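The values are calculated or read from the model by the stated rules, or taken from the named source; none is laboratory data. Predicted model, so just to flag it, every value in this text is computed and none were measured. Because the Cβ atoms are built from the backbone with ideal geometry, glycine has one as well, and the counts that use them run over all protein chains shown.
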Amino acid sequence: MIISRWMQAAALSATLAPAAAHAQKDSMPNMPGMSAMSGMEARMAGVLGIPHTRLGSGTSWQPQTAPHYGWHFVRGSWTLMVHGVAYAEYDRQLGTRGDDQLGSINWGMLMAMHSLWGGMLHLHGMLSAEPATIGSRGYPLLLQSGESYRGLPLHDRQHPHDLFMEAAALYEHPVARDLALSLYVAPVGEPAIGPVAFPHRPSAASDPLAPLGHHWQDATHITFGVLTLGMFSRTWKVEGSIFNGREPDEHRTDIEARKLDSYAARIFYNPNENWSYSASAAYLASPEVLHPEESMHRYAASIMNTRLLGARGEWSSSLIYGANAVLGAPLANSALVETDISLDGVNTFFGRAELVQKSAQDLAVADQSESQRYDIGALTLGYSREIMRAHGLTLGASILGTLDMVPGALAAVYGTRNPKGYAVFLRLRPDRMHTEGAMPGM
């Protein structure tokens, strides 16, 4: 979840015995670009020598060159990471279904890592204040859908994150030179579905607003009850989950325990440090509170790329497909392409283009039929600039604008075939990874 577990490894040589560290160095992967690794980078590796920069939200993988922001500490035999971000935003959506709001999108995380029984234990805890700073009704976002509020479906708004975003333990253990197993246990966590969740994707690092296809692609990134077993090598990973398929309700400050009635499988392939490919399929039992009789299958695939530009710049892009299949209704598809280009660590340009098939029920229009589908689209462009760096923190300002596209049948509902919206933000977050007692900005 925010979550790139990179930071856990800077003190790996302090937590492992010298012989084990030497063995791990011998097992470093022979992958393109690895021969150019520095001594510090070589030590920043976990089980099978895989860099922790590859780990994304939950148990997902991302390109390992993706930059990370946070503080990293060593306390005895434990390695600790603190990460978080807070946006102060003014969001205005125009048109007959529009609204505006002043609020804050935010989350914070504490992660701890410790060597154990020849493997590595990770403990994750993540919280969000959005139940108070956004409210249970969420923030305005035209054409968005999913979950409920006061017995009615949320539409044209994005629900907030829950207070408890993750409480999980991940254990990884090598079983051969090129093979390892993992177990992820989470009262609150993310099952093996979809790509890296949007709050934590490098390609969405400057845009805190949720994609319109969120509930087609990665909405399970907060799930109350997950067990995931994985097997991986240095370039591929196969994993399966059983989990609670019900989405969170409008009470955002509790943990909603329920039986593990759903299942999912996912594969990743990372051929080198710049690319990550994934595909997944899942069965979600009764995901919606308002329609407990409906279950669905969800399918997703993604291609992610990150490359560095000079000393502080980077360029991250993602292409994502997601689909929901509710019994008795046609397949609903979604597609997304997004990019985030930081030229120098100060100026960043970002954008997202989406196409999603949503039902009348999703958008709360007409007879709210699940079988009636509408093809909708959105194009978002934005610019962000870091305006201050001090004490390991950065303060940035950004603006974005969105142009939506709806079919003629929805023009009367939204007042136009091209609804619009914009948002302005101030963002506070840690600077690029800083390790206590090591090089700042590493």
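Brief remarks follow.
- In the range 124-165, residue farthest from the chain's Cα centre (by Cα) [restricted to those that are among the hydrophobic types (A, V, I, L, M, F, W, C) and surrounded by fewer than 17 Cβ atoms within 10 Å (Cβ to Cβ)]: Leu152
- Count of the range 43-96 residues which are among the aromatic types (Phe, Trp, Tyr) and under 30 Å from Tyr422 (Cβ atoms): 3
- Residue that is nearest to Val413 (Cα to Cα) [pool: residues in the range 343-364 that are in a strand (DSSP E or B) and in contact (Cβ under 8 Å) with a residue 60 or more places away in the chain]: Lys358
- Applying the set (1) of a type outside the set (S, T, N, Q); (2) farther than 28 Å from Tyr374 by Cβ; (3) in contact with a Gly (Cβ under 7 Å, 6 or more places away or on another chain) to Gly95 leaves exactly one unmet item: (2).
- Looking across the range 403-428, the residues that are in a strand (DSSP E or B) and of a type outside the set (Val, Ile, Thr) come down to Leu403, Asp404, Met405, Lys420, Gly421, Tyr422, Ala423, Phe425, Leu426, Arg427, Leu428.
- For Phe224: the one exception among (1) buried (at least 24 other Cβ atoms within 10 Å of the Cβ); (2) within 17 Å of the chain's Cα centre (by Cα); (3) of a type outside the set (Val, Ile, Thr): (1)
- Only one entry of Ala257, Ala279, Ala210, Ala197 meets the criterion of being within 19 Å of Glu166 (Cα to Cα) and surrounded by fewer than 17 Cβ atoms within 10 Å (Cβ to Cβ), and that entry is Ala257.
- Residue in the range 391-402 that is within 23 Å of Leu290 (Cβ to Cβ) and in a strand (DSSP E or B) present: no
- His291 being part of a strand (DSSP E or B) and either surrounded by fewer than 17 Cβ atoms within 10 Å (Cβ to Cβ) or among the charged types (D, E, K, R) (or both): no
- Conditions (1) more than 25 Å from Asn305 (Cβ to Cβ); (2) buried (at least 20 other Cβ atoms within 10 Å of the Cβ); (3) at pLDDT 95 or above: number failed by Thr59: (1)
- With respect to (1) closer than 16 Å to Ser318 by Cβ; (2) in contact with a helix residue (DSSP H, G or I) (Cβ under 8 Å, 6 or more places away or on another chain); (3) not small (Gly, Ala, Ser), the lone exception for Asp367 is condition (1).
- Restricting attention to the range 245-269, the residues that are under 23 Å from Leu127 (Cβ atoms), out of contact with any helix residue (DSSP H, G or I) (no Cβ under 8 Å at 6 or more places or on another chain) and either not small (Gly, Ala, Ser) or not in a loop (DSSP other than H, G, I, E, B) (or both) total 9.
- The single condition from (1) under 30 Å from Leu227 (Cα atoms); (2) crowded, with 17+ Cβ neighbours inside 10 Å that Gly382 fails is (1).
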